[in-house]
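The structure under discussion appears below in the form of C-alpha cells.
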Amino acid sequence: MSVGMRTKYLKINPLVPELHKIRLAARILARGGVVAFPTETVYGLGANALDGRAVRRIFRAKGRPADNPLIVHIASFQDVQDLVAYLPPRATLLMQRFWPGPLTLIMPRSGLIPDEVTAGLDTVGLRMPSHPVAQALIRATRLPIAAPSANTSGRPSPTTGQHVLRDLRGKIDAVIDGGPSTVGVESTVLDLTSPVPTILRPGGITYEELQAVLGKVAIDPAVKGQQVEHPKAPGMKYRHYAPAGEVFLVTGDLERVVARVRALVAAWQRRGRRVAVLATSETAPFYQDEPRPDYLEVLGSRRQPETIAANLFGALRNCDRHHADIILAETFKEEGIGLAIMNRLRKSAANRIIRA
C-alpha cells in the first residue's frame, strides 16, 4: 500500500443497501483490502480479521500503534463459537440482550484470531453491529471484520463518510458512505475475563443498562483518566479524539462555568488566539454577547444527552475547520451516556480540566 492510491467512494442507502456496492466492497475485503464502512456508533476501517497481513494495513493507514488491539465485527451468533476459546459466564445473556448493538465483549480468543488483531493478548473483543450496511457487508464477505474507527490515529472519530475521506483518502481502498452515525460514540467495551465484568470503555450501552442485567459491574480506572500500560481494549492507553487545537474542560456549577468560559475567551483572544466553545442549547445564548468566541458549537440539550454524544466528534472536527487554537468545553454528569461523553472529552483534552 502506498499513499496516493485511488480510494473508491461508494454512496449507499443506509436503510436498503445496494447489493452491487456491498459486493464490490466485500470483494476488496476478501482479497486483503481495507474498507471504511458505517456503523451505528462511528465509521469503522475494516479488514479480514483472519488475515494478519490485511489487518496490518489498517495500522499503517491509521498510523495506529501495534499494541492497540482491534474489535472484531460479526453478523451472526454462530460466528462467536469459532472466534473464542470458550464462552465466559453471562456472555450469552449479554449477547441476547444487547446484540446487535453498541456492545463489545472481551472474551478468550481462539487460535483463528491472529496476533495482529489482539496485540498479542489472549483475549479478543467481539461486536455485532446493528447498522444495516455493516451487517450486509459482513454477511457478503462471509468473514469476521476487524475494524477500529476509520480516522487518523489520535484524531476525533469519524461519524460521516466525509470525515473518513478527509483523514484517509489515498490510504485505503474504499469508503462506503451510509450517512451519519446515530450513536456518535464508540461501543461500550466490557471485559468478561475479569472476576467482575468490567467496563474498559464506556459507550452506546450504559453502565446502568449493564448493571440491570448483570447486577455487579465494575468500571476500569482508565475510564476516568488513569493511565494503563497494557490496554485490553481500544482507546485505553494513547491520545485519542484530539483536534488540532488545545481542548480544555471547564467544570463546576453551570452558572459559574459560563462565567469562567467567557472570561477565558476574553483572555485567550487578547493573546491573539482563536477560541471555540462547545456549549449546549441551555447555555449557548450566554455566549452571544461580547466577549464572543470565534466559533460556537451547540452540541445539543442537556435534557437529551444522546444528542450530545451523537454530535461530539463532529463538533471537535468543526473546531479544526474553523482553525480554533483553543477549545473550551463544558462538562456533563457522568451517568447514562454522560459517562461516555466525559470519557471522550477527557481524552480529547488530555485531562486539562479547569474548575470554575
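For segment 270-284, name all the residues that are in contact (Cβ under 8 Å) with a residue 12 or more places away in the chain, part of a loop (DSSP other than H, G, I, E, B) and of a type outside the set (S, T, N, Q). Break it down stepwise before answering.
Step one: filter segment 270-284 for residues in contact (Cβ under 8 Å) with a residue 12 or more places away in the chain, giving 273-284.
Adding the requirement that they be part of a loop (DSSP other than H, G, I, E, B) leaves 273-274, 280-283.
Scanning segment 270-284 gives R273, R274, E282.
Output the helices (runs of 4 or more DSSP H) that fall wholly within segment 51-133 and possess 1 or more residues being of a type in the set (K, R) and touching a Lys or Arg at 6+ places or on another chain (Cβ under 7 Å), or say none.
none
Take segment 110-143 and flag every residue that is closer than 20 Å to I199 by Cβ and of a type in the set (K, R).
Correct list: R127 only.
Hey, A140 hits all of (1) under 18 Å from G33 (Cβ atoms); (2) aliphatic (A, V, I, L, M); (3) in contact with a strand residue (DSSP E or B) (Cβ under 9 Å, 6 or more places away or on another chain) but one; which does it fall short on?
Only one criterion is unmet by A140, namely (3).
Just wondering, is there one or more residues in segment 128-140 that are under 28 Å from L165 (Cα atoms), aliphatic (A, V, I, L, M) and surrounded by fewer than 17 Cβ atoms within 10 Å (Cβ to Cβ)?
no
Which of (1) on the phi > 0 side of the Ramachandran plot; (2) modelled with pLDDT of 95 or more; (3) small (G, A, S) does S76 not meet, given it meets every other one?
So S76 meets the others, but not (1).
The values are calculated or read from the model by the stated rules, or taken from the named source; none is laboratory data. Predicted, not measured: the structure shown is a model, and the values here were computed from it. Don't worry about glycine lacking a Cβ; one is built from the backbone with ideal geometry, like all the others, and counts go over all protein chains shown.
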